[in-house]
1. May I ask for the distance between the Cα centers of the range 12-56 and the range 210-262, given as a whole number of Å?
2. Can you tally the net charge around Gln241? Count Lys and Arg as +1, Asp and Glu as -1, for every other residue whose Cβ sits under 14 Å from the Cβ of Gln241.
3. Where does helix 72-87 land angle-wise versus the long Cα axis of the chain, in degrees 0 to 90, nearest 10?
4. Applying a 10 Å radius around every beta-carbon, put 222-228, 93-99 in order of their mean neighbour count, most first.
5. In nm, what is the difference between 0.36 nm times the number of residues separating Glu65 and Leu41 and their Cα-Cα distance?
6. Taking Lys68 as the anchor, which lysines have their alpha carbon closer than 27 Å to its alpha carbon, excluding any fewer than eight residues away along the same chain?
7. For the range 1-37, list residues with backbone N below 14 Å from a point placed 7 Å from the Cα of Arg293 toward its Cβ?
8. Report the extension gain between Asp9 and Gln155 in nm, rounded to one decimal, defined as 0.36 nm multiplied by the number of residues separating them, less their alpha carbon distance.
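Where a number appears in this text, it was derived from the coordinates with a stated rule and is not lab data. For clarity, every value in this text was computed on a predicted model and none was experimentally measured. Reconstructed Cβ throughout: ideal geometry from the backbone, glycine too, with neighbour counts over all protein chains shown.
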Amino acid sequence: MATFGNLSDRLSETFKNLRKKGSLSASDVDGTVREIRRALLDADVALDVVKEFTGKVRERALSDEVNKALNPAQQVVQIVNDELVAILGGQQRRLEFAKNPPTVIMLAGLQGAGKTTLAGKLAKWLAKDGHTPLLVAADLQRPNAVTQLTVVAEQAGVAIYAPEPGNGVGDPVRVAKDSIAYAKTKQFDTVIVDTAGRLGVDAELMKQASNIRKAIDPDEVLFVIDAMIGQDAVKTAQAFQEGVDFTGVVLSKLDGDARGGAALSVASITGRPIIFASTGEGLDDFEPFHPDRMASRILD
Ligand code: GDP
């Protein structure tokens with residue numbers, strides 16, 4: 001995965017040096033933990049997350065678990081793997097479906113994060129799995145947003161609920177609310193509501209997103225975050241957590257060459273699981289997120 005290429009190389013270099021040693025002294029462990037710490041910080045992983053992570057790795061690496069292992073270096077690598085999986089959320093968390101359809105999924109995030117594209121990806125993925133998704137254009141802020149979602153719906157081969165293109169003066173809360181009633185009468189089993197986002201966190205738009213959330217009581221609120229966002233990730237995620245209390249995270253643009261660590265910190269900082277990963281502009285560049293697979297790719 002391009003995003004974590006550098007981090008991956010750095011860690012693999014650290015482990016290569018570690019494997020050359022038979023038994024491990026406390027200073028070997030400290031040296032290794034220091035290198036891991038630097039690699040994570042250079043990859044933009046948030047400081048609090050790095051501190052907690054390296055603290056746990058160090059504690060376990062100095063314990064009997066490693067002392068008594070047949071291959072101490074390998075045991076340290078295993079510990080780093082386990083702790084990385086833990087940061088990424090531990091177990092895979094699947095999308096939650098409502099007992100009584102339609103399942104309502106609301107998307108939130110900054111403008112350009114990849115929400116509209118994700119709406120199409122998610123709809124296509126659901127449709128392939130036998131679901132009948134309806135895309136809802138509740139982003140009436142950006143003049144082009146309704147048209148863009150219409151194009152995405154066409155590409156995904158799914159239905160859309162939207163005000164007339166260009167008619168950007170409607171009330172997004174109303175549109176979102178009406179779309180649920182429409183989905184019920186037309187028997188769509190999932191409703192994916194795209195919402196407006198600005199370049200920075202914006203109080204008015206956050207209020208609007210929060211009002212949409214209250215009006216439609218979604219089963220999932222997915223916070224879409226661009227892996228390229230860098231150190232602002234934590235602040236942005238916290239603002240959205242406060243504003244819309246999202247239930248899950250989607251990491252987008254993991255195909256880029258950004259360092260990506262900031263976005264990786266989001267699950268750990270907010271306590272919300274990463275549910276999907278987006279890996280390109282195409283509607284098929286998308287997959288459910290598996291913490292253990294991501295950890296293996298980073299540590300490969
Ligand atoms: P929105 O403003 O949050 O709705 O973001 P968009 O869905 O419009 O995406 C913004 C830009 O990012 C578009 O040019 C998309 O094609 C692009 N994009 C979205 N997801 C990905 C991804 O996973 N990888 C890459 N490389 N580009 C993406």
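1. 28 Å
2. Here the charged neighbours net out to +1.
3. Helix 72-87 and the main axis of the chain meet at about 20 degrees.
4. Packing proxy ranking, top to bottom: 222-228, 93-99.
5. Extending this stretch completely gives an extra 6.0 nm.
6. Partners found: Lys16, Lys20, Lys21, Lys51, Lys56.
7. Flagged as within label range: 1.
8. Stretched out fully, the Asp9 to Gln155 stretch lengthens by 48.8 nm.
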